[in-house]
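In what follows, a structure is listed as structure tokens, so that the remarks can point back to it.
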Amino acid sequence: MSLKQILIWSVVASCGAVLLLFAGTQWITPSSLSAPVGDAGWTGRTRAWFRPRGFQGFEIDPASGRQFSWTGPRSRLVFPHLDRSRPYRLTLDINAFRPPGVTEPLVAVSVDGAVAATLLTTTTPQQIAIDLPVRRGSGTVVAFGSPTFVPGGDARALGVMVNQVGLVAEAGHFRPDWVVVSWLCVASAAFAAGVLLCGVPALLAIPLVLSIVIGLVWLLLLDAAFLGDDVVRVVWIGGAVIAVGAVVASARALGGRVLALPEWGMAIGIVLGVSALKLACFTHPQIAQTDAMFQVHRAELVHRGEYFFTSVTPSPSFEFPYAILLYVTAQPFWSWFPSDLELANLLRGLALIADALVGLALYAIARRHWNHGPAALWCAVLWTVTRAPAMALGHANLTNLFGQGLFGVAMACLVWMAAPGRWGLAAIGGCVWLTLAFLSHFSTLTTGMLLVAATAVVWTLLGPKVPRRSGLIAGGVLIVAASIAYGLYYSHFNDLYRQTFTRIMSGADQQSDTSMVASPRVKWQRWITEDQFSNDYGLPGVALFVSALVGAVWLVRSRRREPMTQALLAWAAVWLAATALGILTSVELRANLAATPMFVCLAAYGLSTLASRSLWGRAAALVGGCAIAWNGVQVWLMWLGQS
């Protein structure tokens, strides 16, 4: 596609995004918005239509279950892109608490610096309604002024409790201002141009760009984000997309094929576009924070120079080393992200980059071993939308996702090495990536050792000359990588290993339905339902599992002696064994996430083979691919609170 055509496509994408945004604000976004200042608890969502400043955190009243936030000395609500040429009514639900003998305070609410309402608070909630005056421009700032007090045992200066914030568009609907529209044009054009510069052909580019544009607009409509400044975050992501696209276009113009992979640019474009949209989803203000703040606090320890620490499993509270490579990787960028929320997004972004590399690595090994472009591209497509990585991203088990991403690249290097041809660089790359993966997460270390060992044994015992050599090399790579990881990090926890082993062997931990030592029947039920107490979430889903089963049958029938087939089957055997171990014993390994590349490769082979059989086969493959994608996107929606 020429630069002129890419420019035309980008303009079309921008225009389409603007039309969709205006249509969405007219018919989808409600005319009345109401929510707490922020959500307390595990979900920890923030508002997209305004920014709170100076509030003393988010809390839940244990008696009523009501969400509220204390104001501080200088608390404000900022509505950055509220079009002030239209009338609005702002409502605030407020009450206060003071120690016995202290009168509840008078609160003054100011709009754009002018006092708009005052209220003598009580212990019961009261509502303030303020009509925002029509004026030129956009945005407004609502400030709270009240005396504060410092309760016993709490260093915070507390003002009044804001329980609910409401905004009603008196004209019937909200409307985006010209700044948001302009930035949306830039973001949509950047996403489209970046994908097209990678060389994605029109047949794939049309649905891909259309999906991206619809996704971006939907994210701006979600919780009326077009009233806030979330569009700036989307623009930054779009800038990264077009930058990567420009680099890929330059490389394609200079070098053509890379590693004899004809569709390498197309694979990058697909993974880049979908992964960037996924990043936009999982950094949206409405995304559940889950364990993201835990990750930020651990990264802060590393930032302060503390490198060796542990984490604790759910009941019965086994302690295990908590590897830190994700946090170390984040340190060069630490000062660029001043708030905890922004740091959480940095860690999510790094984990998602590692995850995206797996999609490219699966394309590369599938293309090299199967010599079939459609099957290899199916690997790239399916990986970006499969559900297990999205579950890990939503749970914010970011070190696990980061480690599994690096491990997926390491395994791809080892499988690449097993193909005829030069193997030295692939073996070295596999050793480096495997070492980094082992330094990223304890679960990656344990499951990774099993997966590499099983692959090495299968190649050595069952393969012809080339795979047999690769099996021996893979075994050596495993020993070297595990030794380095142990020497650098895991050797500091030898006493912990002895204590945990003694505790497990003693059988002292009592069974309960919420623990890792529950009965096999209970653990089986938790596993198949992905219960909150299950440590191994991320099942492949029916569509991916069935497609993978079909692919496995066809691979065994036609390519059973090939090293990639043997590696995938060894991977499947480890998944089954690790799953059984987790159900029958207290040793739980996150085998579902670790085994996802195997499911994706088998499913890609099954769907591509099905599509090559007939017109009906192509239709069935398309339906299967869409079912896998929808199963994954449902996870995105679930973490955005839209299940």
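The values are calculated or read from the model by the stated rules, or taken from the named source; none is laboratory data. From a predicted model like this one, the values you see are computed outputs, not experimental measurements. Because the Cβ atoms are built from the backbone with ideal geometry, glycine has one as well, and the counts that use them run over all protein chains shown. Ligands, DNA and RNA are stripped out before the accessible areas are found, and what is left, the full protein with its side chains, is counted by its heavy atoms. Shrake-Rupley method; radii C 1.70, N 1.55, O 1.52, S 1.80 Å.
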Q | Amide proton proximity set for residue 86, modelled H, under 5 Å, gap of 5+ | A | 135
Q: Compute the Cα gyration tensor for the chain, then decide on rounded, prolate or oblate, letting a ≥ b ≥ c be the square roots of its eigenvalues: rounded whenever a/c is under 1.5, prolate when a/b is larger than b/c in the other cases, and oblate in all that remain.
A: oblate
Q: Using the Karplus curve 6.51 cos²θ - 1.76 cosθ + 1.60 with θ = phi - 60°, work out ³J(HN,Hα) for each residue of the stretch 218-230 in order, rounded to whole Hz, and write x for Gly and Pro.
A: 4, 5, 6, 7, 5, 6, 6, 5, 5, 7, x, 10, 5
Q.
Explain nothing, just the number: dipole magnitude of the stretch 165-291 about its Cα centre with +1 on each Lys and Arg Cβ and -1 on each Asp and Glu Cβ, in debye rounded to the nearest 20.
A. 500 debye
**Q.** Rounded to whole Hz, the Karplus (6.51, -1.76, 1.60) HN-Hα couplings of the stretch 326-333, x for glycine and proline
**A.** 4, 5, 5, 4, 6, 4, x, 9
Q. How large is the charge dipole for the stretch 21-164, taken about the Cα centre, if only the Cβ atoms of Lys, Arg (+1) and Asp, Glu (-1) carry charge, to the nearest 20 debye?
A. 460 debye
Q: Could you tell me the accessible area of residue 395 in Å² (1.4 Å probe, neighbours in place), rounded to the nearest ten?
A: 40 Å²
**Q.** More than 17 angstrom apart: percent of Cα pairs within the stretch 115-165
**A.** 52 percent
Q) What aspartates and glutamates sit close enough to residue 523 to cross-link, taking a C-alpha to C-alpha distance under 17 Å and skipping anything fewer than 8 places away on the same chain? A) 509, 513, 531, 536, 588
(Q) Given the -39500 (n - 2.57) contribution per DSSP H run of 4+ residues, what per-residue ellipticity at 222 nm results for the chain, rounded to the nearest 500 deg cm²/dmol? (A) -19500 deg cm²/dmol
Q. FRET efficiency for residue 3 and residue 179, Cβ-Cβ distance as r, R0 = 25 Å, nearest 0.05?
A. 0.35
Q: Find the eigenvalues of the gyration tensor of the Cα atoms of the stretch 217-315, then list the square roots of 5 times those eigenvalues as equivalent ellipsoid semi-axes, largest first, in whole angstrom.
A: 33, 24, 13
Q: Report residue 182's accessible area, 1.4 Å probe, all protein chains in place, as a number in Å² to the nearest 10.
A: 50 Å²
Q: Using DSSP to define loop residues, name the chymotrypsin sites (Phe, Trp or Tyr not before Pro) in the stretch 1-109 whose beta-carbon has at most 14 other beta-carbon atoms within 10 Å.
A: 42
**Q.** the chain: relative contact order in percent, alpha carbon pairs under 8 Å with at least 6 residues between
**A.** 12 percent
Q: Sketch the reach of a paramagnetic label on residue 557 as a point 7 Å from Cα along Cα-to-Cβ, and name the residues of the stretch 609-626 whose backbone nitrogen lies under 11 Å away.
A: 610
(Q) Using 5 Å bins from zero, what percent of all Cα-Cα pairs in the stretch 360-447 falls into each bin? (A) 3, 16, 19, 21, 20, 14, 6, 1, 0
**Q.** Within the accessible area of the chain (1.4 Å probe), percent carbon and sulfur
**A.** 67 percent
(Q) Explain nothing, just compute: Karplus ³J(HN,Hα) = 6.51 cos²θ - 1.76 cosθ + 1.60, θ = phi - 60°, for every residue of the stretch 119-135 in order, whole Hz, x for Gly and Pro. (A) 8, 7, 6, 9, 6, 9, x, 10, 10, 10, 10, 10, 8, 7, x, 6, 7
Q) Amide H of residue 140: which non-local residues (sequence gap of 5 or more, or other chain) have their own amide H closer than 5 Å, using H built in the peptide plane? A) 79, 82
Q | Rg(Cα) / (2.2 N^0.38 Å) computed for the stretch 21-98, rounded to two decimals | A | 1.27
**Q.** residue 263 accessible area, 1.4 Å probe, all protein chains in place, Å² to nearest 10
**A.** 30 Å²
(Q) Quick check for me: using +1 on Lys/Arg Cβ and -1 on Asp/Glu Cβ, what's the dipole size of the stretch 98-233 about its Cα centre, in debye to the nearest 20? (A) 120 debye
Q: Could you please put 312, 385 in sequence from largest to smallest accessible area, using a 1.4 Å probe?
A: 312, 385
Q) With labels modelled as points extended 7 Å from the Cα through the Cβ direction, what inter-label distance (nm, one decimal) is found for residue 626 paired with residue 519? A) 4.4 nm
Q | Alpha-carbon centroids, the stretch 170-209 and the stretch 389-411: separation in whole Å | A | 28 Å
Q: Collect residues whose amide H, placed 1.01 Å from N in the peptide plane, falls under 5 Å from the amide H of residue 75; neighbours closer than 5 in sequence don't count.
A: 144
**Q.** Shape call, the stretch 186-267: gyration tensor on alpha carbons, a/c limit 1.5
**A.** prolate
Q. Using the C-alpha atoms of the stretch 312-359, what convex hull volume per residue, in cubic angstrom, is computed?
A. 116 Å³
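Tell me whether the stretch 364-407 comes out rounded, prolate or oblate; compute the Cα gyration tensor, take square roots of the eigenvalues as a ≥ b ≥ c, and use a/c under 1.5 as the rounded threshold. Working shown, then result.
On the way: a/c = 5.62, a/b = 2.17, b/c = 2.59.
Oblate is the answer for the stretch 364-407, as a/c is 1.5 or above yet b/c matches or exceeds a/b.
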Q) If you take the Cα atoms of the stretch 422-463, find Rg, then find the Kirkwood Rh from the mean of 1/r over all pairs, what is Rg/Rh? A) 1.04
Q: Could you quote the convex hull projected area for the stretch 55-207, Cα atoms only and averaged over all directions, in nm²?
A: 13.8 nm²
Q) Do you know the relative contact order of the stretch 270-370, to the nearest whole percent, from alpha carbon pairs under 8 angstrom that are 6+ apart? A) 32 percent
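Work out the FRET efficiency for residue 334 and residue 134 from their Cβ-Cβ distance, taking R0 = 51 Å, and round it to the nearest 0.05. Walk me through the intermediate numbers first.
Numbers: r = 44 Å, r/R0 = 0.86.
Taking R0 as 51 Å, the efficiency between residue 334 and residue 134 is 0.70.
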